[in-house]
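Encoded as structure tokens, the structure appears first; notes follow it.
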Amino acid sequence: MSHVTINFMLNGENITVTTRTNYRLLDILREDLGLTGTKEGCGIGECGSCTVLLNGRAVNSCLILAGQIESASITTVEGLENEGKIHLLQQNFLKYGAIQCGFCTPGMLLSAYALLNENPNPTESGIKEAIAGNLCRCTGYKQIIEAIQKTAEEMNL
Amino acid sequence: MIPSIDFIQPKNIEELLSLLNNFPDESCIIAGGTDIIPGMQQGASRFKKFKRLIDIHHLPELKLIKVEDGVLIIGAGVTFSDIIKSSLTQNHFPLLTKAASSVGSVQIRNRATIAGNFINNAPCADSVPPLLVYEAMVRIHSFNNQYDIALKDLLLKPYQTKMEPNEIVTQISLPILSETYRGEFYKLGRRQGVAISRISIAVLIDIHQSRIMDIRIASGAITPIGKRFPELEKFARQKKLEIKLLKELARKLGKEILITTGLRWSTPYKLPVVQQIFFQLLSNITK
């Protein structure tokens, strides 16, 4: 079995991991590091529940191999909290009923987070495009879009 | 689970070519990985022979987008997101920008590369029809050789190109057209976002004094692989632009597609749709 040692930044901290070459970023997060906030849905890049940020951009962690994250900066849903307090985006997902079963939520949050970092004032269609790669089968998208819109408004205050 | 496999990140193109030269048949080049990784994950037979992945996504030489002597050069490692954001593509190759925007999701576009799209050569590859009408040239490198080949000549059959196992694509070049060209890219999927193309067409027309000076038509998902329609294009050139001609072109395109694909279960539905879409595209561009 082939192994690879990689150095990367995870949620603001430099770490070194020795893992299997056939592990995906998703497997490193969940199996090696025990960060189970990132979910595996389809495993083929369609559902977006494994979305994380790689150098600030939303990516599917099921489509990235271990060796490909050398020197990268990764943000997972665990990295959104700050000093024990959840991010405004997370607060608004709760407040506006954008969570039901919660399986899509981590990925949805990170897609929204990447969008708001790039464009603090997105249109509704911009939001829809940003989360088009994140499937939700419970609440529907209306509440999710609303939570993202409200966050944008509050961040721009 | 992905089978156990070696993973190598060469430091530069020279090292990459030499690695590839030593073990051509067992090695698979990986960049964005958005086709290869799910393919391996699902046990797709076309990836089973590979024992080694050679990663090129980090090589800066492959990431450039620039204009040189009237030609847009796109490195093989450029992602769809990079293409969408590039003002060079927006200004000179709007059909490519539009097609790139319709690929997968934000997450996919942030990883998937344009070269990977046509090397994978799926019938539904969204960037292929625009690249064909823009007459893309592809630069191929191997340890001992380097040459340019037109994209239309590189594509062989679904999921296959004419590339040898020891060759890689380093860049794509698109000659900048005169501003008199107008065009459109159309994609039909089962839903708007994150959809596999069922029908895709690109068309470019240069009209001068109500005459078609040049027309370029390329299909994507409606033919086994992306292709141009040289006979139809020849038929249309120098003809006077009128509704009657556009209708005839749409009818003829349908016939040519039928000849290429043969009669399929979806033909009674798809063919009239393709003809109508093509007629509307032509009408919109030329109005």
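List of remarks:
- The single condition among (1) free of Cβ contacts under 8 Å to residues at least 60 places away in the same chain; (2) within 14 Å of chain A (Cβ to nearest Cβ) that B:D153 does not meet is (2).
- Answer residue from the range B:47-60, given it is more than 8 Å from chain A (Cβ to nearest Cβ) and surrounded by 13 or more Cβ atoms within 10 Å (Cβ to Cβ) and is nearest to the chain's Cα centre (by Cα) among those: B:I56
- Positions within the range A:48-83 being more than 8 Å from chain B (Cβ to nearest Cβ) and outside any loop (DSSP other than H, G, I, E, B), in sequence order: A:V52, A:L53, A:S61, A:I69, A:S73, A:I74, A:T75, A:V77, A:E78, A:G79, A:L80, A:N82
- Residue list for the range B:141-166, restricted to those being of a type in the set (S, T, N, Q), assigned to a loop (DSSP other than H, G, I, E, B) and farther than 23 Å from B:R46 by Cα: B:N144, B:N145
- Subset of the range B:259-272 (residues that are surrounded by fewer than 16 Cβ atoms within 10 Å (Cβ to Cβ), within 24 Å of the chain's Cα centre (by Cα) and assigned to a helix (DSSP H, G or I)): B:I259, B:T260, B:T267
- Unique match (being in a loop (DSSP other than H, G, I, E, B), over 19 Å from B:I257 (Cα atoms) and of a type in the set (V, I, T)) among B:V169, B:V138, B:V194: B:V194
- When the range B:172-199 is limited to residues that are under 13 Å from the mean Cα position of the chain (by Cα) and closer than 23 Å to B:E68 by Cα, the one that is surrounded by the fewest Cβ atoms within 10 Å (Cβ to Cβ) turns out to be B:S173.
- Subset tally (residues that are farther than 23 Å from B:H58 by Cβ and either in contact with a His (Cβ under 8 Å, 6 or more places away or on another chain) or of a type in the set (S, T, Y) (or both)) for the range A:27-80: 3
- Condition met for B:G39 (at the interface with chain A (Cβ under 9 Å from one of its Cβ atoms) and assigned to a loop (DSSP other than H, G, I, E, B)): no
- For the range B:199-243, the candidate set comprises residues that are touching a residue at least 60 places away in the same chain (Cβ under 8 Å) and not in a strand (DSSP E or B); within that set, the residue that is farthest from the other protein chains (Cβ to nearest Cβ) is B:T223.
- Selection over the range B:68-82 of residues that are closer than 19 Å to B:I29 by Cβ and part of a strand (DSSP E or B) gives a count of 3.
- All positions within the range A:1-39 that are of a type in the set (S, T, N, Q) and crowded, with 17+ Cβ neighbours inside 10 Å: A:N11, A:T19, A:T21, A:N22, A:T38
- In the range B:1-36, the qualifying residues are those that are assigned to a strand (DSSP E or B) and either aliphatic (A, V, I, L, M) or free of Cβ contacts under 8 Å to residues at least 24 places away in the same chain (or both), and the one that is farthest from the other protein chains (Cβ to nearest Cβ) is B:I29.
- Residue in the range B:83-110 that is farthest from the other protein chains (Cβ to nearest Cβ), counting only those that are touching a helix residue (DSSP H, G or I) at 6+ places or on another chain (Cβ under 6 Å) and outside any helix (DSSP H, G or I): B:V103
The numbers here are math on the coordinates, done by the rules we state, and not lab data. As the structure is a computational prediction, the values presented were derived from the model and not from experiment. Reconstructed Cβ throughout: ideal geometry from the backbone, glycine too, with neighbour counts over all protein chains shown.
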